[in-house]
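S.K.: Structure below; questions to follow.
The values are calculated or read from the model by the stated rules, or taken from the named source; none is laboratory data. Everything numeric here is computed off the predicted structure, so don't read it as measured data. Every residue, glycine as well, gets a Cβ built from its backbone with ideal geometry; the counts of neighbours run over all protein chains shown.
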Amino acid sequence: METLKIFCPATIANVSCGFDVLGLALDAVGDEMVVRKSAKKGISITKLEGQNLPTETHLNVAGVAGMALLEQSDYQGGFEIEIYKKIKAGSGIGSSAASSAGAVWAMNELLGKPFTTAKLVEFAMEGERLASGVAHADNVAPALFGGFTLVRSYHPLDIVEIPFPSELFATVIHPQIEVKTADSRKILKTSIRLQDGIKQWGNVGGLIAGLFLEDYALIGRSLHDHIVEPIRSILIPGFDDIKSGALSAGALGSGISGSGPSIFALSQGEETAQNVGETMKKIYQDIGVDYDVHVSKINREGIKILD
Ligand code: HSE
């Protein structure tokens, strides 16, 4: 096998209470990439369509993640990468993670799988370091593993796959503005109040338990963020209205997707998730904000091979 065409899923990081540690993969939206072996050493980004992003290897997240893998591989050749972006940069649904994860996943397949998925997360995190200044794993881990993932520890890296109920659906609305993760991290405080920490880790435990137990009400009670959302939500037009609209349309919970500006909601059942999407749309139409909406089941497989 010399060439692979793949689907790289969008992801929702943080999932309200789990800043930098929780994430989930989506099915309905993602990038496509073509990765092929080449005799020339290193990584070349030979095509990039859909977004205006750099193609120089050291400035492109797929290039940087791919180089991290090559540095630990005994393969003597290189790879050419074509990237077809469907996920908008700065949208908050893991645009850079999809490219980073897709590159290293496809390279690993083409090399006969010398690396574990956990190791691929480490390589892909180098792309995230380039994109946001911090090598966070909460987007690349669900992109690579699929489903829901928890980063239990960064040092050493310890990723846990979390089972989740089959009727769980996500709705995401993206107001058409770009928020760079690096910028939305700079506005965060570096310390938190103990009372907020107590609420937050109660919710992280509750969300994980709710997912395991398939207890939708517990999932809903746990989807709160007392630390990051109060600060970042000011960057997002109509955030409070969208969130309360989603809840009144039947969502279990709602919050900022990753570093924003997208807002996500989780629902039990596709019909409710669609109703949540319609409600969100109407709110943005009323206040004159352009948007994209995605309704998606949770992607269990992560990256997939296309034809
Ligand atoms: N955990 C990261 C953040 C996700 O919130 O900054 C970025 O998509």
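S.K.: Across region 1-44, what is the total count of residues that are among the polar types (S, T, N, Q), in a strand (DSSP E or B) and within 15 Å of the ligand (Cβ to nearest atom)?
M.R.: Within region 1-44, the first condition is being among the polar types (S, T, N, Q), and the residues that meet it are 3, 11, 14, 16, 38, 44.
Now narrow it down to the ones that are in a strand (DSSP E or B): 3, 11, 38, 44.
If we keep only those that are within 15 Å of the ligand (Cβ to nearest atom) as well, we get 11.
Adding up the residues that qualify gives 1.
S.K.: Ok, one more. Within the bounds of region 74-89, is there any residue that is more than 19 Å from Asn299 (Cβ to Cβ) and within 16 Å of the ligand (Cβ to nearest atom)?
M.R.: Looking through region 74-89, at least one residue is more than 19 Å from Asn299 (Cβ to Cβ) and within 16 Å of the ligand (Cβ to nearest atom).
S.K.: State the number of residues belonging to region 79-92 that are within 18 Å of Ile6 (Cβ to Cβ) and surrounded by fewer than 24 Cβ atoms within 10 Å (Cβ to Cβ).
M.R.: Let us first name the residues in region 79-92 that are within 18 Å of Ile6 (Cβ to Cβ), namely 79-87.
Okay, now just the ones that are also surrounded by fewer than 24 Cβ atoms within 10 Å (Cβ to Cβ), so 80, 82, 84-86.
Matching residues across region 79-92 total 5.
S.K.: Next question. For the subset of region 108-122 comprising residues that are assigned to a helix (DSSP H, G or I) and over 22 Å from Ser132 (Cβ atoms), which member is farthest from the ligand (Cβ to nearest atom)? Walk me through how you get there before you give the answer.
M.R.: The first filter runs over region 108-122 and keeps only residues assigned to a helix (DSSP H, G or I), leaving 108-110, 117-122.
Narrowing the set further to residues that are over 22 Å from Ser132 (Cβ atoms) leaves 108-110.
Details: Asn108: 23, Glu109: 25, Leu110: 27 Å.
Here the residue is Leu110.
S.K.: Check every one of the helices (runs of 4 or more DSSP H) wholly within region 165-252 and list those with 1 or more residues that are in contact (Cβ under 8 Å) with a residue 40 or more places away in the chain and more than 16 Å from the ligand (Cβ to nearest atom). I'd like the intermediate steps shown before the answer.
M.R.: Working: elements: 181-186, 194-213, 216-222, 229-232, 239-248.
The qualifying helices (runs of 4 or more DSSP H) are 194-213, 216-222, 239-248.
S.K.: For region 20-51, what are the residues that are buried (at least 20 other Cβ atoms within 10 Å of the Cβ), closer than 22 Å to Ser262 by Cβ and not acidic (Asp, Glu)?
M.R.: Val21, Leu22, Gly23, Leu24, Ala25, Leu26, Val29, Gly30, Met33
S.K.: Just wondering, is there one or more residues in region 153-174 that are at pLDDT below 95 and either surrounded by 14 or more Cβ atoms within 10 Å (Cβ to Cβ) or in contact with a helix residue (DSSP H, G or I) (Cβ under 6 Å, 6 or more places away or on another chain) (or both)? Before the answer, list the steps.
M.R.: Our first condition is that a residue be at pLDDT below 95; within region 153-174, this holds for none.
The answer is no, given that none of the residues of region 153-174 is at pLDDT below 95 and either surrounded by 14 or more Cβ atoms within 10 Å (Cβ to Cβ) or in contact with a helix residue (DSSP H, G or I) (Cβ under 6 Å, 6 or more places away or on another chain) (or both).
S.K.: I'm trying to understand the selection: among the residues of region 265-307, which are within 15 Å of the chain's Cα centre (by Cα) and in a loop (DSSP other than H, G, I, E, B)?
M.R.: Correct list: Asn299, Arg300, Glu301, Gly302, Ile303.
S.K.: Next up: Condition first: within 26 Å of Gly269 (Cα to Cα) and part of a loop (DSSP other than H, G, I, E, B). Now tell me which residues in region 147-164 satisfy that. First the steps, then the outcome.
M.R.: Kept after step one, since they are within 26 Å of Gly269 (Cα to Cα), are these residues of region 147-164: 147-150, 160-164.
Result: Gly147, Pro163, Phe164.
S.K.: Answer with yes or no whether Ser95 is closer than 18 Å to Ser44 by Cβ, surrounded by 24 or more Cβ atoms within 10 Å (Cβ to Cβ), within 16 Å of the ligand (Cβ to nearest atom) and touching a residue at least 60 places away in the same chain (Cβ under 8 Å). Before the answer, list the steps.
M.R.: Working: closer than 18 Å to Ser44 by Cβ: no; surrounded by 24 or more Cβ atoms within 10 Å (Cβ to Cβ): yes; within 16 Å of the ligand (Cβ to nearest atom): yes; touching a residue at least 60 places away in the same chain (Cβ under 8 Å): yes.
No; evaluated as a whole, the condition is false for this residue.
S.K.: Starting from region 15-39, keep only residues that are touching a residue at least 40 places away in the same chain (Cβ under 8 Å), then list their pairs with residues that are assigned to a strand (DSSP E or B) and of a type in the set (D, E, K, R) whose Cβ atoms are within a distance under 7 Å, requiring at least 6 positions of separation or different chains.
M.R.: Close Cβ pairs satisfying both conditions: Asp27/Lys297; Glu32/Lys5; Met33/Glu82; Val34/Lys5; Val34/Glu82; Arg36/Glu80; Ser38/Glu80.
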